[in-house]
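Notes follow the structure.
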Amino acid sequence: MNAIRVPLVTPGTRPELTEIEGRILAERGRVSLLYQVLLNSGPIASGWERMLTAVRNQTSIPADLRELIILRVAVLNQANFEFDAHIPHAQKAGVNHEKIEATRAPILAEIFSPLERLALELADAMTRDITVPEALMARVQAHFDARGTVELVATVAAYNMVSRLLVALNVDH
């Protein structure tokens, strides 16, 4: 395992970070390894916390669907730390073991419901190819209104950001 590429910021050691650390604690219950990395930049940690709180806790995307998306993006980006961190969240949201494991497969399994499959196809397209084919976006928009479409796309995009930061900075177990 490679070392994390930036120092970890121990909570409570930098007075200028007190406010953001308080928000992180209030929202997450702890200052995780990810946030100890992000706290090297107060503005980034602050914006990150606000955006990811909105994505995780303030959208209309059902928790189980959101967690499947997060797991799939983590798999595609080889972000093992992110995958492992979200297994408990997926389980809490009602995602069973078989579906969690199926997010690891190169090709989407038949185990997923049509809605789950649609969201995972979007995650695959956005993560693997960047460009989303018109036919896929039309299917997304046939199921989701404008708010839901933006929130679904933002969820995939946000967790691509998370996993790519973790991989780039060697944040792992």
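Considering only the range 58-70, I want to know if a residue exists there that is charged (D, E, K, R) and touching a Ser or Thr at 6+ places or on another chain (Cβ under 7 Å). Within the range 58-70, one or more residues are charged (D, E, K, R) and touching a Ser or Thr at 6+ places or on another chain (Cβ under 7 Å).
Can you tell me how many residues within the range 27-45 are assigned to a helix (DSSP H, G or I) and modelled with pLDDT of 95 or more? Qualifying residue count for the region: 10.
Against the test of being over 20 Å from GLU67 (Cβ atoms) and assigned to a helix (DSSP H, G or I), the options ALA123, ALA158, ALA119, ALA142 yield a single qualifying residue, ALA142. Yes or no: ARG147 charged (D, E, K, R) and over 28 Å from ASP172 (Cα atoms)? Criteria met by ARG147. In the set ILE24, ILE4, only one residue is in contact (Cβ under 8 Å) with a residue 40 or more places away in the chain and either part of a helix (DSSP H, G or I) or within 20 Å of VAL171 (Cβ to Cβ) (or both); that residue is ILE4. What do you reckon, is VAL153 modelled with pLDDT of 95 or more, in a loop (DSSP other than H, G, I, E, B) and surrounded by 15 or more Cβ atoms within 10 Å (Cβ to Cβ)? No, not satisfied. Among the residues examined, LEU71 qualifies as touching a His at 6+ places or on another chain (Cβ under 7 Å) and of a type outside the set (Asp, Glu).
Here is a check on your reading of the model: is ARG66 buried (at least 17 other Cβ atoms within 10 Å of the Cβ), closer than 30 Å to GLU19 by Cβ and of a type in the set (Lys, Arg)? Yes, satisfied. Working only within the range 120-164, note down all residues that are closer than 30 Å to PRO7 by Cα, of a type outside the set (Gly, Ala, Ser) and touching a residue at least 60 places away in the same chain (Cβ under 8 Å). Result: THR155, VAL156, TYR159, ASN160, VAL162, ARG164. Restricting the range 77-119 to residues that are touching a residue at least 12 places away in the same chain (Cβ under 8 Å) and among the β-branched types (Val, Ile, Thr) leaves a set whose member that is farthest from THR155 (Cα to Cα) is ILE111.
The values are calculated or read from the model by the stated rules, or taken from the named source; none is laboratory data. No experiment lies behind these values; they were computed from the predicted model shown. Cβ sites come from the backbone with ideal geometry, for glycine too, and all protein chains shown count toward neighbours.
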